[in-house]
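Report on the structure given below.
Read the figures in this text as sums done on the coordinates, not as results from a lab. Keep in mind it's a predicted model, so treat the numbers as computed, not measured. Heads up, the Cβs are rebuilt from the backbone with ideal geometry, glycines too, and the neighbour counts pull from every protein chain shown.
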Amino acid sequence: MARTKSRVIEPASRTRDIKYAVRDVLLLADKAAKAGKEMLYLNIGDPNIFDFAPPAHMIEATHEAMLANHNGYAPSSGIPEAVEAVGREAGRKGIKAVNHVYITTGASEAIDLALTALVNPGENVLTPSPGYPLYTAILAKLSAEARPYYLDEEDAWQPDIVDIAGKIDDKTRAIVLINPNNPTGSLCSTERLQELVDLAVEHNIVLFSDEIYDKLLFDGRSHVSTASLSQEAKIITFNGLSKSYVVPGFRIGWGIISGPADELEDYCEAIRKMERARLSANHPQQYAIRAALEGPQTHIGEMMERLTRRRDVVVNRLNAIDGISCVKPGGAFYAFPRLDVGMPDAEFVARLIEETGVIVVPGSGFGQRPDTQHFRVVFLPPEETLEKACDHIAAMVAKCRR
């Protein structure tokens, strides 16, 4: 009998525009590796694949928890020890009026739960451009609009408050801030943070403050938590163990909801419903939270010494190349150099990977102002790897500009 209908299973339309450039470039990398290229991975922010490791006392805490058979389901919002430790950390950072702390499978799940509990189809959230693509992917899943606002490259990648204010309308539910920023490595000034807080209060919208890199700061700088600036603003602060404590594979993060309790009660309960529906985050790994936040912090100073040398190698080498300019990062372990080679950044990155084996990520994967081209560099690798990669980048830029 002849088939009258296609038997192909069609995926949901919401998946059509979901992209994750950080890993998408690995498809090109696989081809280059098979062609025999020496691969230099400057594309993913995983410190563990280089010469960074977590503090031993965190691993011991998790090991002891597993031996004590804390291997079943945890409470939906997190074990009391972890929730209390995060609450004390919030207090040390000056965050008051805390309504709810919830422990999640990485900060990514905290963000997903917060957005899903807040945003309806057709509503919008203001997201930084450049910014981490997780937010736009989740909003696509929710049939909501990710409305980009721009960071000002001429002002050390600070949020453009005028641009943000002009994009708020009656369907705007939240503003996202990533501080320090991924992919630029920029650190938001206290003055700009206060302006963002004031906007959120004025328009009664939630401010999502993603602070996952808050301890990875250069040149003696300090980090101000957005929620410390106001008890009136409705703010969710996201953080976790992945970056500062070098355990991205633990998948442990959290959200801290602060602001007027009576005005946030229904929203907090909506998030709790979703926590209960997905059961719990990893159980034994939650015992690393108190150990991390309240144990020795010596690894951070050691980490930043190495990262400072590596940042300076990358920034100095890239700024010496005709056709590239790079703002010096103030935090995290990323740089976002501007490219002027007469071709789209995605094309330049594809050629760089295929011809040299150097893997970076095109700026278009993170968002950028129209008519500008960038790429993201991760400077976690050792200096000799970064030097070699910069040699290849310089040669490719020269080749493209001929």
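Subtracting the Cα-Cα distance of LYS328 and GLU202 from their residue separation scaled by 0.36 nm leaves 42.1 nm. Label 7 Å along Cα→Cβ of ARG309; region 326-368 residues with amide nitrogen under 13 Å? Taking a point 7 Å out along Cα→Cβ of ARG309, no residue of region 326-368 has its backbone N under 13 Å. Amide H contacts of VAL361 (H built 1.01 Å from N, in plane; Pro and chain starts excluded): ARG376 sit under 5 Å, all sequence-distant by 5 or more or on other chains. Using the Cβ-Cβ distance between ILE9 and GLU347 with R0 = 30 Å, the FRET efficiency computed as 1/(1 + (r/R0)^6) comes to roughly 0.35. One chain, two ends: GLU294 and GLU38. Fully extended at 0.36 nm per residue, the span grows by 88.0 nm beyond their Cα-Cα distance.
Put in line by how crowded their Cβ is, counting other Cβ atoms within 10 Å and starting with the fewest, SER186, SER228 read SER228, SER186.
Counting only the backbone N, which residues of region 112-141 are under 20 Å from the spot 7 Å out from the Cα of ASP266 toward its beta-carbon? Taking a point 7 Å out along Cα→Cβ of ASP266, the residues of region 112-141 whose backbone N falls under 20 Å are 113-125. Could you tell me how many degrees, from 0 to 90 and to the nearest 10, lie between the Cα long axis of helix 80-92 and the main elongation axis, the longest principal axis, of the Cα atoms of the chain? The two axes meet at around 70 degrees. Each of MET304, MET39 was scored by other Cβ atoms within 10 Å of its Cβ. Arranged with the fewest first, they read MET39, MET304.
Compute the acute angle (0 to 90°) between the alpha-carbon long axis of helix 56-67 and the principal axis of greatest extent of the alpha-carbon atoms of the chain; round to the nearest 10°. The two axes meet at around 50 degrees.
With a cut-off of 17 Å on the backbone N, the residues of region 201-215 near the modelled label site 7 Å out from ASP170 along Cα-Cβ are 203-205.
If only the Cβ of Lys and Arg carry +1 and only the Cβ of Asp and Glu carry -1, the dipole of the chain around its Cα centre is close to 1360 debye.
Remark: region 252-264, residue by residue, has Karplus-estimated 3J(HN,Hα) of 10, x, 7, x, 10, 9, 10, x, x, 4, 5, 8, 10 Hz, where x stands for each Gly or Pro and the curve is 6.51 cos²θ - 1.76 cosθ + 1.60 at θ = phi - 60°. The distance between label points at ILE49 and ALA156 comes to 3.1 nm (points 7 Å beyond Cα on the Cα→Cβ vector). Converting phi to 3J(HN,Hα) with the Karplus coefficients 6.51, -1.76 and 1.60 and the offset θ = phi - 60°, region 344-359 yields x, 4, 4, 5, 4, 4, 4, 5, 4, 5, 5, 9, 10, x, 7, 9 Hz in sequence order, with x at every glycine or proline.
Of all lysines in the structure, the ones whose alpha carbon falls short of 21 Å from that of LYS328, not counting any fewer than 8 places away in one chain, are LYS215, LYS243, LYS388.
Helix 190-203 axis versus longest C-alpha principal axis of the chain: approximately 60°, rounded to the nearest ten. Suppose R0 equals 30 Å; then what is the FRET efficiency for ARG92 and GLU383 from their Cβ-Cβ distance, rounded to the nearest 0.05? Plugging the Cβ-Cβ distance into 1/(1 + (r/R0)^6) gives 0.35. For ARG147, the residues whose modelled amide H falls within less than 5 Å of its own, excluding neighbours fewer than 5 places apart on the same chain, are VAL125, LEU126, THR127. What fraction, in whole percent, of alpha-carbon pairs in region 197-298 exceed 18 Å separation? Counting every Cα pair in region 197-298, those more than 18 Å apart make up 58 percent. Work out the FRET efficiency for GLU232 and GLU64 from their Cβ-Cβ distance, taking R0 = 45 Å, and round it to the nearest 0.05. Plugging the Cβ-Cβ distance into 1/(1 + (r/R0)^6) gives 0.60.
Inter-part distance, region 317-382 to region 132-210, computed on C-alpha centroids, equals 22 Å.
If the segment from ASP391 to ASP371 were pulled out straight at 0.36 nm per residue, it would be longer than the present Cα-Cα gap by 4.6 nm.
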